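For reference, the structure is listed below as C-alpha cells.
Read-outs: derived from the displayed coordinates by stated rules, not from any lab. Nothing here was measured: the structure is a model prediction, and the numbers come from that model. All Cβ positions, even for glycine, are placed from backbone atoms using ideal geometry, and neighbour counts span all protein chains on display.
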Amino acid sequence: MQANDHLFALVDCNNFYASCEAAFRPDLAGRPILVLSNNDGNVVSLNQAAKDAGFEKFKAWFEYRELAKLKNAAVFSSNYTLYGSMSARVHSIISEYAPSVEDYSIDESFLQIDGFHGDRISWARELRERVKKWTGIGVSVGIGYTKTQAKIANRFAKKLPEGVFDLASQPNPDECLSNVDVQDIWGIGERKADKCGARGISNARQLRDASDAWIKANLGGIVGLRTAWELRGVSCIPIEEVRPDKQEIMNSRSFGRPVEREEELLQAISSYAARACEKLRRQNGRARTVMVRIDTNSFRSQDPQYHESATFTFEEYTSHTPDILAAAERLGRHLFRNGYRYKKAGVMLSDIVDEARRPPSLFLDREEEARKDRMMATIDTINRKLGAGTLRFASAGFRHPWEMRRENLSPRYTTRWEEVLRVKAC
DNA sequence: TCTGGGGTCCTAGGACCC
DNA sequence: TCTGGGGTCCTAGGACCC
C-alpha cells in the first residue's frame, strides 16, 4: 500500500453530554454545566463555561458540590437515553457527507473521503453548521491521510474558532506533529507513553520517525507499528461501516449504597444478567459462557477487600434468560462471602455465536428450544412495545434499594412523550 | 456518605499434535 | 529408533479506547 492513498475525516462532538443537556435548556446559556457518571460518581462532561470556572473532568462529584453551588452550575446525572438518541441524529446528518462512514463512538464518526480534492474546508464547515443547526450540538472536524492523522487534526480543530483542521493540506506537517505529545496519539496510552519517554520520544513526529524494530518490540507488536505507520500516512486501520456483533456482552453497575446481604447481591446479579440476555438476543446471538464478578469498594482502604469472579460454561449455546439467570445465581452464591460491603457486581456473556451459524448439536432438544425461544420472543416484544422492564423475572426482585443514584436526571426529551419539551406561548 | 461502564485486540505461554 | 521442533488452539491478562 502506498502512503497517502486515502483521506479520512473525524467528526467529534464538542463536550457531547453537556451539549446534549444544553440543547434542551436555552435558559442555561452562560452557566457552567456538569454531567456526572453513573451513580453520580464523578464528572464526565463539562461545557466551556464549566471549564473556564475551573471544573475538571473525572474529579469526584462530592468534592465539587460546594464549588458547583458557588458558581451556579447546572448539574446533571448521566441520561444515556437522551445522549443515545441525540447521537443517532448527529450520525444520520453526518452520513450524508461521505459515501463511507463509521459511527465510531457515541460522539465520533470517521468519514472516508478518498479522492476529495475540492475545497475540504468549506465542505467541513457546511457539515458543522448543519449539525449545529439541526441538533444544537457543536462538532469539530479533523482531516488527514489516515484515521490516526484525522484524530490528531481533530485536536487542532478543537482549538480553532472555525472548528476545522486539515492536516493533509498543511505546508509543514512535521511541525504540526512536533506539537503533539506522544501521549495524545490515538493508541498510545500511559504505559506506551512511558516507554517512549524512556527512549527520548516525546512527540508524534519522533514516534513517526522511530525504527520499526524498536516500536514492534516495545509498543505492543503490530498494534504499535500500525500507529507509527499511520503517522507516516499509510492507512492501516480501515473504516468499519457495519459494527460487527459483540463478542462479549457485559452488564455491570456500582450500587447506590453498599450491599451486604446475599439475597440483595443475587437480585442485582439477576437483573444484570437479564439485561445482558436482552442485548444478546437483540443481536440474534447465543452464548455459552457466563461470568459473574463481585467487588468491594477499593477506594475504601479501611474496609476489607474482596474482588472475585467465576465462570460457567453451558453444554449448549443459549439465549434463554431463565437458564442464564440460574447459572448466574449459582455463580453468585459460590462467590458470596459474609462480612464484606459489596460495591459493584457484573455479568459477562461470552463465547457468543450468531444463531444462524451455531455449530450443530447432537443432544439439543429442538422442540424444547423452540418453546424457550417463543417465550423469550414474546417477552422481548412486550417490553419493546410497553417499555423496558414491563415483564421481568422475579429473581431480580421488585424493590431495588441498591440501584444507582441519579439525583439530577434530566427528562428524556426525545424518547418519551410524557417528557417531551413543552413550549409556552406568552 | 460519595470515585463510571462497556468494549476490543493482541501477546505470551501452556497443552497438544504430528 | 527417533526425545526435536513447528504448527495450532486455547486462555489469561495487558493495554487501550470512549
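Think of chain A as a dipole: +1 on every Lys or Arg Cβ, -1 on every Asp or Glu Cβ, centred on the Cα centre; then among A:Gly397, A:Leu219, A:Ser309, A:Gly397 lies furthest on the positive end. When the Gaussian network model of chain A links Cα atoms closer than 10 Å, the mean-square fluctuations of A:Gly115, A:Gly224, A:Gly346 top out at A:Gly115. The magnitude of the dipole of region A:70-190, with charges of +1 and -1 set on the Cβ of Lys/Arg and Asp/Glu and taken from the Cα centre, is near 520 debye.
Quick one: of the DSSP bridges fully inside chain A, what percent are antiparallel, nearest 5? Antiparallel bridges: around 85 percent, rounded to the nearest 5. Over 16 Å apart: what share of the alpha carbon pairs of region A:277-352 falls there, rounded to a whole percent? Taking all Cα-Cα pairs of region A:277-352, the fraction more than 16 Å apart is 52 percent.
With each label modelled as a point 7 angstrom along the Cα→C-beta vector, the A:Glu190-A:Glu175 pair spans 3.5 nm.
Comparing A:Leu331, A:Leu364, A:Leu160 in a Gaussian network model of chain A (Cα springs below 10 Å), the most mobile by mean-square fluctuation is A:Leu364.
Here the calculated FRET efficiency for A:Asn297 and A:Lys69, from their Cβ-Cβ distance with R0 = 30 Å, stands at 0.70, rounded to the nearest 0.05.
Compared with the direct C-alpha span, the chain from A:Phe393 to A:Glu315 gains 25.8 nm at full extension, assuming 0.36 nm per residue. Angle of helix A:222-232 to the longest C-alpha principal axis of chain A, folded into 0 to 90 degrees and rounded to 10: 30°. Could you tell me which of rounded, prolate or oblate describes region A:249-396, using a ≥ b ≥ c as the square roots of the eigenvalues of the alpha-carbon gyration tensor, with rounded for a/c under 1.5 and, failing that, prolate when a/b is larger than b/c and oblate otherwise? Prolate, because a/c is 1.5 or more and a/b exceeds b/c.
Would you mind counting up the charge near A:Asp5? Only other residues with Cβ under 15 Å from its Cβ, with Lys and Arg at +1 and Asp and Glu at -1. That works out to 0.
For chymotrypsin sites (Phe, Trp or Tyr not before Pro), the sites in region A:262-364 that DSSP calls loop and that have at most 12 other Cβ atoms within 10 Å are A:Phe299, A:Phe363. Put simply, the C-alpha atoms of region A:89-231 give a gyration tensor, and the ellipsoid matching it has half-axes of 30, 15, 14 Å, longest first. Modelled spin labels at A:Lys385 and A:Ile121, positioned 7 Å past Cα toward Cβ, are 5.6 nm from each other. Going 7 Å from the Cα of A:Ala217 along its beta-carbon direction, which residues of region A:185-203 have the amide nitrogen within less than 19 Å of the resulting point? From region A:185-203, the list is A:192-202. With the convex hull of its Cα atoms as the shape, region A:1-160 has an orientation-averaged projected area of 10.1 nm².
Basic side chains Lys and Arg get +1 at the Cβ, acidic Asp and Glu get -1 at the Cβ, and with that the dipole of chain A about its Cα centre reaches some 1080 debye.
Taking only the C-alpha atoms of chain A, the Rg (one decimal) and the largest Cα-Cα distance, Dmax (whole number), read 24.4, 71 Å.
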